[in-house]
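Below: the structure, in structure tokens.
The values are calculated or read from the model by the stated rules, or taken from the named source; none is laboratory data. In this text the structure is predicted, and so the values were computed from the model without any measurement. With ideal geometry, Cβ positions are generated from the backbone for all residues, glycine too; neighbour counts draw on all protein chains shown.
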Amino acid sequence: MTEASDRNRKAGNGEDSIYWDKSKNRYIGAVSLGYNSNGKRNRPKVSGKTKTEVRRKLKDLKKELEAGVKTSATYSVEQAITDWLAHGLKGRDKGSIDTYKSLAKNHVVADLGKARLRDLTADALDCWLDEKSMVLATSSLEMTLSILRRSISHAQRRDKVMRNVAELVEVPEGRPGRPSKSLTLEQAKTVLSARQGTWIHAYVVLSLLVGIRTEEVRPLTWDRVHLHPSDSVPYIEVWRSVRKRGETKTTSSRRTLGIPRQLVVVLEAHKAAQQRQRKALGVPWSDSGFVFGTDMGEERSAYTVRQNFRAMLADAGFSDPKEWTPRELRHSFVSILSDHGIPLEVIARVVGHAGTGTTEKVYRKQIRPVLTEGAEAMDEIFDDGPPAEA
């Protein structure tokens with residue numbers, strides 16, 4: 001049979017047909033399903049640039065019909081992403097939602113948004129991921145593909161599409177991620193001498209000398225800070241974070257940590273200054289208030305902390321303050337302790353990493369024992385310490 005005659009061949013009753021539509025410059029495939037109750041012929045169609053593509057689409061269409069699923073021929077990737085962002089992120093914290101929205105907008109919708117979801121192919125996604133691997137780190141690639149997979153799954157549950165084609169592809173290796181850095185001991189001492197008497201100085205001293213996560217520092221309240229306990233060394237209770245519902249990152253992250261002497265001095269001065277400032281503004285001061293709250297007593301944003309931290313680095317003489325983030329104070333804490341010879345298993349307990357065994361589970365349920373190894377080491381390392389606040 002010639003190509004021309006094949007293009008124009010009529011299908012028999014109940015037979016699939018594939019023909020060329022000159023006006024659309026595409027092959028059309030149709031499945032004959034008889035007639036509707038109103039007497040109109042029921043003949044769903046698909047289209048494609050090649051017969052092979054149309055045959056595949058017809059096969060998928062039959063599977064949908066057999067499964068009783070009626071997918072949309074016009075439902076787009078952008079619509080699937082929008083629906084998932086609106087309904088599939090319940091219970092997530094704002095930071096995670098913002099990250100998902102940014103990746104979805106800039107990498108999924110921007111590249112694939114106009115594509116009809118049912119026409120999406122594994123080959124097309126492989127090509128797309130290969131292109132993305134030139135600009136995104138592997139972790140960002142994984143999250144981007146996860147967004148697409150979850151959006152399509154959300155659409156599947158609503159009979160918008162039969163299969164999740166994003167489950168058929170793998171994430172290629174992306175660009176190397178931004179490596180985390182840590183301050184050297186000399187750099188740390190320089191930073192601790194900058195912007196003394198400010199809230200960001202106290203924030204950095206606590207982060208660097210105790211090593212808690214930035215999302216654990218921002219929600220820290222004064223009732224969790226014990227500068228002069230009668231029966232123990234000074235300590236803080238790291239029991240909350242800015243994550244959804246206030247949990248720490250993991251169960252082992254909930255810990256009670258001793259704090260170095262020089263941090264006690266800094267926090268005492270910071271607390272007194274905060275009380276004076278609130279009184280001057282007529283804002284009530286409370287033991288349950290944020291240690292590093294705004295002048296009005298509100299929790300500071302991650303953006304504000306980051307900007308003030310970088311300004312502090314600039315004052316300390318750093319030529320590239322924008323290359324640093326507050327989370328690297330925690331990396332610096334670990335690095336400095338390790339360089340000082342503190343065993344890694346001790347560091348892991350202090351910073352709240354998982355897998356530390358029975359001791360971690362016991363202290364997590366009670367205030368004692370206070371984990372003092374980090375504080376004792378920091379008192380020795382920074383024996384000259386930051387100068388006492390005025």
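Does the stretch 212-219 contain any residue that is of a type in the set (A, V, I, L, M, F, W, C), under 28 Å from the mean Cα position of the chain (by Cα), part of a helix (DSSP H, G or I) and modelled with pLDDT under 95? Please lay out each step first, then the result.
Going residue by residue through the stretch 212-219, those that are of a type in the set (A, V, I, L, M, F, W, C) are 212, 217.
Then drop every residue that is not under 28 Å from the mean Cα position of the chain (by Cα), which leaves 212, 217.
If we keep only those that are part of a helix (DSSP H, G or I) too, we end up with 217.
So of that shortlist, the ones also modelled with pLDDT under 95 come out as 217.
Yes, the stretch 212-219 contains a residue that is of a type in the set (A, V, I, L, M, F, W, C), under 28 Å from the mean Cα position of the chain (by Cα), part of a helix (DSSP H, G or I) and modelled with pLDDT under 95.
Residues checked against (1) in contact (Cβ under 8 Å) with a residue 12 or more places away in the chain; (2) loosely packed, with under 14 Cβ neighbours inside 10 Å:
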{"site": "Gly91", "(1), (2)": "yes, yes"}
{"site": "Lys105", "(1), (2)": "no, no"}
{"site": "Val108", "(1), (2)": "yes, no"}
{"site": "Lys114", "(1), (2)": "yes, yes"}
{"site": "Leu117", "(1), (2)": "yes, no"}
{"site": "Met143", "(1), (2)": "yes, no"}
{"site": "Met162", "(1), (2)": "yes, no"}
{"site": "Val165", "(1), (2)": "yes, no"}
{"site": "Pro172", "(1), (2)": "yes, no"}
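Among the residues that make up the stretch 263-270, is at least one of them buried (at least 21 other Cβ atoms within 10 Å of the Cβ), at negative phi and modelled with pLDDT under 95? Steps first, answer last, please.
Residues of the stretch 263-270 that are buried (at least 21 other Cβ atoms within 10 Å of the Cβ), as a first pass: 263, 266-267, 270.
From what is left, the residues that are at negative phi are 263, 266-267, 270.
Remaining after also requiring modelled with pLDDT under 95: 263.
For the stretch 263-270, residues buried (at least 21 other Cβ atoms within 10 Å of the Cβ), at negative phi and modelled with pLDDT under 95: present.
Name every residue in the stretch 309-341 that is of a type in the set (A, V, I, L, M) and either assigned by TED's automatic domain parsing to the domain that holds Asp98 or at pLDDT 90 or above (or both), in order of residue number.
We begin by selecting, within the stretch 309-341, every residue of a type in the set (A, V, I, L, M); these are 311-314, 316, 329, 334, 336-337.
Result: Ala311, Met312, Leu313, Ala314, Ala316, Leu329.
Can you confirm whether Ile212 is farther than 24 Å from Thr256 by Cβ, crowded, with 16+ Cβ neighbours inside 10 Å and not assigned by TED's automatic domain parsing to the domain that holds Asp130? Let's see the steps before the verdict.
Working: farther than 24 Å from Thr256 by Cβ: no; crowded, with 16+ Cβ neighbours inside 10 Å: yes; not assigned by TED's automatic domain parsing to the domain that holds Asp130: yes.
Criteria not met by Ile212.
Go through the stretch 278-317 and report how many residues are free of Cβ contacts under 8 Å to residues at least 60 places away in the same chain, charged (D, E, K, R) and surrounded by 15 or more Cβ atoms within 10 Å (Cβ to Cβ).
Within the stretch 278-317, residues that are free of Cβ contacts under 8 Å to residues at least 60 places away in the same chain, charged (D, E, K, R) and surrounded by 15 or more Cβ atoms within 10 Å (Cβ to Cβ) number 3.
Could you please find all residues in the stretch 277-306 being farther than 16 Å from Ala202 by Cα and more than 28 Å from the chain's Cα centre (by Cα)?
Passing the criteria: Arg278, Lys279, Ala280, Leu281, Gly282, Val283, Pro284, Trp285, Ser286, Asp287, Ser288, Met296.
Considering every residue within the stretch 251-261, establish whether at least one is surrounded by 15 or more Cβ atoms within 10 Å (Cβ to Cβ), in contact with a strand residue (DSSP E or B) (Cβ under 7 Å, 6 or more places away or on another chain), hydrophobic (A, V, I, L, M, F, W, C) and under 28 Å from Ile381 (Cβ atoms).
Taking every residue of the stretch 251-261 in turn, at least one turns out to be surrounded by 15 or more Cβ atoms within 10 Å (Cβ to Cβ), in contact with a strand residue (DSSP E or B) (Cβ under 7 Å, 6 or more places away or on another chain), hydrophobic (A, V, I, L, M, F, W, C) and under 28 Å from Ile381 (Cβ atoms).
Exactly one of (1) over 17 Å from His107 (Cβ atoms); (2) buried (at least 19 other Cβ atoms within 10 Å of the Cβ) is unmet by Arg157. Its number?
For Arg157, the exception is condition (2).
In the stretch 191-211, what residues are part of a helix (DSSP H, G or I) and not small (Gly, Ala, Ser)? Spell out the reasoning first.
First, the residues of the stretch 191-211 that are part of a helix (DSSP H, G or I): 191-192, 199-210.
Result: Val191, Leu192, Trp199, Ile200, His201, Tyr203, Val204, Val205, Leu206, Leu208, Leu209, Val210.
Could you pull out the residue among Glu64, Glu15, Glu53 that is under 46 Å from the mean Cα position of the chain (by Cα) and at pLDDT below 75? I'd like the intermediate steps shown before the answer.
Details: Glu15 fails: under 46 Å from the mean Cα position of the chain (by Cα); Glu53 fails: at pLDDT below 75.
None of the others qualify; the one that does is Glu64.
Restricting to the stretch 309-325, and then to whatever is of a type in the set (Gly, Ala, Ser) and part of a loop (DSSP other than H, G, I, E, B), can you tell me which residue is nearest to Val205 (Cα to Cα)? Write out each step before concluding.
Filtering the stretch 309-325 for residues of a type in the set (Gly, Ala, Ser) gives 311, 314, 316-317, 319.
Narrowing further to those that are part of a loop (DSSP other than H, G, I, E, B): 316-317, 319.
Numbers: Ala316: 14, Gly317: 17, Ser319: 21 Å.
Checked the stretch 309-325; the qualifying residue nearest to Val205 (Cα to Cα) is Ala316.
Scan the stretch 300-308 and give yes if some residue there is at pLDDT below 95 and in a loop (DSSP other than H, G, I, E, B), otherwise no.
Within the stretch 300-308, one or more residues are at pLDDT below 95 and in a loop (DSSP other than H, G, I, E, B).
Taking the condition touching a helix residue (DSSP H, G or I) at 6+ places or on another chain (Cβ under 8 Å), surrounded by fewer than 17 Cβ atoms within 10 Å (Cβ to Cβ) and either touching a residue at least 24 places away in the same chain (Cβ under 8 Å) or acidic (Asp, Glu) (or both), does Glu186 pass? Give the steps one after another, and end with the answer.
Details: touching a helix residue (DSSP H, G or I) at 6+ places or on another chain (Cβ under 8 Å): no; surrounded by fewer than 17 Cβ atoms within 10 Å (Cβ to Cβ): yes; either touching a residue at least 24 places away in the same chain (Cβ under 8 Å) or acidic (Asp, Glu) (or both): yes.
So Glu186 does not fit the description; no.
So, His331, is that one assigned to a helix (DSSP H, G or I) and touching a His at 6+ places or on another chain (Cβ under 9 Å) or not?
Values: assigned to a helix (DSSP H, G or I): yes; touching a His at 6+ places or on another chain (Cβ under 9 Å): no.
Spelling it out, it is not the case that His331 is assigned to a helix (DSSP H, G or I) and touching a His at 6+ places or on another chain (Cβ under 9 Å).
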